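Reading through the structure tokens given below for one structure.
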Ligand code: G6P
């Protein structure tokens, strides 16, 4: 079996909180194959960027690299999160393009390639993750790396015309062709990539959906919907009921129902719209007043980026307005919390919630949706209200109440419907969601992608 080399901007180091599904899945795959996990160390240093750190656990080496302030600003805060992130989430209005940060992004990818290339062997399987590292395979190829390299895009692939608004898009998106296999979250994302490649990327399409270049090089393209560690979450959620934080939450609700949202504080998550829709629910369903409390957990994310700071200010205003307008002496409709919680505690919160609100404006997959489902009590499950613009909607559409997050009245009515749904319908819907969640878990995702990559000729 080939060795596996995983590359991602963030690395889940041994001993750190590895609760994230991706860390568990990739950790298991690395454990089975033996190999290397390579990425940014998480450290921003004053000088001496590029320094490597290494940790070994079992057959797995964790190799990470420091970034200096300027590289981090241009690459992470700049091109990755102020240019590519909004573009890939169809927010052209928020795209900030500067040649300088584009150059910093290339520089950091070249640094990764310089440091990684000497560690690679010809029969390795290299798996690169996400929008931070799109050009990495091309830069590795320039350094003589010939092994099989796959890429998975965790975020959405937008429509071709949107991508065409990015200055110099062909140069960046052309580097996708250095991969052997490109994985996307849904068939629609994969199709949008194919369309881009055909219209703007001089490619034609093979019958199996592969992209074929004028020089006859073939790049395989597929949909690999990411999943969660189902067994772990089911166990955690059942056990979490007795955790003090979960008990305290339940006690504080008295007899009221709970609706929950858990999201990084990110404009793609549709939080202002969600808050407003919740206010609309209270207004449109006066008979339900006081029946439901919304707990929104939103840990601060990418706080150095201006758009994220602006969002935080905006949400504080809306939350204050909703509570100021609707609260009673004994009822605060919206509890808005910026801190993070241990993952096991969150699963307990999910289980305590009659309504799961997952209403992003655009999302590659959204694993909170799947975790909410897995965390439910099968005898008395809650209802998922899910944005049709999240990748997860493609799998969970049989059981979730699908909403358009821009339609505030629609979201408001879905909240009311979820809150009043009879037990038999809740169970039926939950089963319809739990099946795909179980089938396509994080281990199946890893296996499907790596089997496909390993099956390609080196
Ligand atoms: C998204 C991206 C990931 C990223 C995560 C957290 O899920 O697809 O690549 O790691 O957000 O964002 P952060 O900027 O904190 O790494």
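The values are calculated or read from the model by the stated rules, or taken from the named source; none is laboratory data. Bear in mind that the values here come from a model prediction, so they are computed numbers and not experimental data. As a convention, Cβ positions derive from the backbone with ideal geometry for all residues, glycine included, and neighbour counts pool all protein chains shown.
Could you check, for the stretch 171-178, whether at least one of its residues is within 16 Å of the ligand (Cβ to nearest atom) and in contact (Cβ under 8 Å) with a residue 40 or more places away in the chain?
The answer is no, given that none of the residues of the stretch 171-178 is within 16 Å of the ligand (Cβ to nearest atom) and in contact (Cβ under 8 Å) with a residue 40 or more places away in the chain.
Output the residues belonging to the stretch 119-134 that are within 16 Å of the ligand (Cβ to nearest atom) and either assigned to a helix (DSSP H, G or I) or buried (at least 23 other Cβ atoms within 10 Å of the Cβ) (or both).
If the condition is that a residue be within 16 Å of the ligand (Cβ to nearest atom) and either assigned to a helix (DSSP H, G or I) or buried (at least 23 other Cβ atoms within 10 Å of the Cβ) (or both), then 127, 128, 131, 132, 133 are the ones that fit.
Give the residue, chosen from 434, 388, that is at pLDDT 95 or above and out of contact with any strand residue (DSSP E or B) (no Cβ under 7 Å at 6 or more places or on another chain).
Going through 434, 388 in turn, just one is at pLDDT 95 or above and out of contact with any strand residue (DSSP E or B) (no Cβ under 7 Å at 6 or more places or on another chain): 434.
Determine whether the stretch 283-303 contains at least one residue that is buried (at least 19 other Cβ atoms within 10 Å of the Cβ), over 28 Å from the mean Cα position of the chain (by Cα) and within 30 Å of residue 446 (Cα to Cα).
no
With within 19 Å of the chain's Cα centre (by Cα) and assigned by TED's automatic domain parsing to the domain that holds residue 105 as the only criterion, which of 213, 139, 133, 166 stands out?
So the residue among 213, 139, 133, 166 that is within 19 Å of the chain's Cα centre (by Cα) and assigned by TED's automatic domain parsing to the domain that holds residue 105 is 133.
Being part of a loop (DSSP other than H, G, I, E, B), more than 25 Å from residue 239 (Cα to Cα) and in contact with a helix residue (DSSP H, G or I) (Cβ under 9 Å, 6 or more places away or on another chain), is that true of even one residue in the stretch 337-357?
Checking the stretch 337-357: not a single residue is part of a loop (DSSP other than H, G, I, E, B), more than 25 Å from residue 239 (Cα to Cα) and in contact with a helix residue (DSSP H, G or I) (Cβ under 9 Å, 6 or more places away or on another chain).
Can you tell me which residue among 83, 64 is within 23 Å of the chain's Cα centre (by Cα) and surrounded by fewer than 22 Cβ atoms within 10 Å (Cβ to Cβ)?
Selected residue: 64, the only one of 83, 64 that is within 23 Å of the chain's Cα centre (by Cα) and surrounded by fewer than 22 Cβ atoms within 10 Å (Cβ to Cβ).
Looking only at the stretch 369-392, count every residue that is within 19 Å of residue 245 (Cα to Cα) and surrounded by 22 or more Cβ atoms within 10 Å (Cβ to Cβ) and tell me the total.
The number of residues fulfilling the criteria is 4.
Would you be able to say whether some residue in the stretch 230-248 is assigned by TED's automatic domain parsing to the domain that holds residue 434 and touching a strand residue (DSSP E or B) at 6+ places or on another chain (Cβ under 9 Å)?
No, the stretch 230-248 contains no residue that is assigned by TED's automatic domain parsing to the domain that holds residue 434 and touching a strand residue (DSSP E or B) at 6+ places or on another chain (Cβ under 9 Å).
Working only within the stretch 247-278, note down all residues that are assigned to a helix (DSSP H, G or I), more than 16 Å from the ligand (Cβ to nearest atom) and surrounded by 22 or more Cβ atoms within 10 Å (Cβ to Cβ).
Residues satisfying the conditions are 274, 275, 277, 278.
Would you confirm, using the coordinates I've provided, whether residue 220 is outside the structural domain of residue 141 (by TED's automatic domain parsing), modelled with pLDDT of 95 or more and touching a helix residue (DSSP H, G or I) at 6+ places or on another chain (Cβ under 8 Å)?
no
Does the stretch 299-313 contain at least one residue that is at pLDDT 95 or above and closer than 23 Å to residue 253 by Cα?
Within the stretch 299-313, one or more residues are at pLDDT 95 or above and closer than 23 Å to residue 253 by Cα.
With respect to the numbered conditions (1) part of a helix (DSSP H, G or I); (2) touching a strand residue (DSSP E or B) at 6+ places or on another chain (Cβ under 9 Å); (3) closer than 25 Å to residue 371 by Cα, which one is the sole condition not fulfilled by residue 319?
(3)
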